[in-house]
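Asks: I'd like to ask some things about the structure below.
Here, each number is a calculation from the coordinates, and none is a lab measurement. Just so we're clear, the structure is a prediction, and the values are computed from it rather than from any experiment. For neighbour counting, all protein chains shown are included, and Cβ atoms are generated from backbone atoms with ideal geometry for every residue, glycine included.
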Amino acid sequence: MLGTQSAHLTPDWRRLTLAGVLCCLAACSSAPKAPPAAIPRPRAAVPQPTVIPFALSLKGTPYRWGGNSPAEGFDCSGFVRYVFGRYGIHLPRRAVEQASWLPKVPVGARRPGDLVFFDTGTPPVSHVGIYIGRDEFVHASSAKAGQVIISDLNKPYWREHLVAIGRPPPLRR
C-alpha cells in the first residue's frame, strides 16, 4: 500500500517527508542540552512586618468603651487604631469608618494583619478585630468579656456576624 501511495508523491514531497523523518529521529537521539548556567534563581520574598506580635502583646488589656490606649483600656476600634498607629498607619476612629475606608478582600483571601468587621447590633459595622491567622482574630471584645482577647472566626456567633474583611496599607518599616 505504501508503494502505491508513494508513486503519487512528487520527488519534492518525498525529499521533504524524508527530511522531516530524519529531523525527528535526530532530535530524539541527540544528547540533552545542559541548562544555561546564568539563569538567576528567584529571590525569596522579604517578609513584611506584621502588627500581630504587638497586637498580641496587648492581650488582657481592659475593655473600656471609647478607650484608646493600654493605660485607659480599649474599645474595639480604639484597639485596632492604636496597634496600626504604632506602625504609622492612621485609621479612622470608628469601626464603621475603618470598614468604609479600607479596600475589601474576599473572605478566602484574608491574611494576617487584615481587619475583620462584624455587625453585632448596629448595622452595617459595629465591631472590628485584627485577623491573626488560623481562623482567629484579636480584639477588644466587649464590656462583658472585659479585655483584649483572641476569638475563633468559626464560632457560630462570629461566623454569622462577619460582614467584611479590610486590608490596611503596607506597614512602614
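Asks: Collect the residues in segment 114-154 that are out of contact with any helix residue (DSSP H, G or I) (no Cβ under 9 Å at 6 or more places or on another chain), of a type in the set (A, V, I, L, M, F, W, C) and surrounded by 14 or more Cβ atoms within 10 Å (Cβ to Cβ), keeping them in residue-number order.
Replies: Scanning segment 114-154 gives a single hit, I149.
Asks: Check off (1) over 20 Å from F54 (Cα atoms); (2) touching a strand residue (DSSP E or B) at 6+ places or on another chain (Cβ under 9 Å) for I149 and give me the number that stays unchecked.
Replies: It is condition (1) that I149 fails.
Asks: Quick check, is S57 under 19 Å from G133 (Cα atoms) and either surrounded by fewer than 15 Cβ atoms within 10 Å (Cβ to Cβ) or in contact with a strand residue (DSSP E or B) (Cβ under 8 Å, 6 or more places away or on another chain) (or both)?
Replies: So S57 fits the description; yes.
Asks: Further question on the same structure: Are there any pairs, at least 6 apart or on different chains, whose C-beta atoms fall under 7 Å, with the first in segment 55-67 and free of Cβ contacts under 8 Å to residues at least 60 places away in the same chain and the second charged (D, E, K, R), and if so, which?
Replies: Qualifying pairs under 7 Å: R64/E72; R64/D75; G66/D75.
Asks: Is it true that V96 is touching an Asp or Glu at 6+ places or on another chain (Cβ under 7 Å), among the hydrophobic types (A, V, I, L, M, F, W, C), without any contact (Cβ under 8 Å) to a residue 40 or more places away in the chain and under 21 Å from G67 (Cα atoms)?
Replies: Values: touching an Asp or Glu at 6+ places or on another chain (Cβ under 7 Å): no; among the hydrophobic types (A, V, I, L, M, F, W, C): yes; without any contact (Cβ under 8 Å) to a residue 40 or more places away in the chain: yes; under 21 Å from G67 (Cα atoms): yes.
No, not satisfied.
Asks: Follow-up. So A99 ticks every box in (1) surrounded by fewer than 21 Cβ atoms within 10 Å (Cβ to Cβ); (2) out of contact with any helix residue (DSSP H, G or I) (no Cβ under 8 Å at 6 or more places or on another chain) but one. Which box is left unticked?
Replies: The one condition A99 does not meet is (1).
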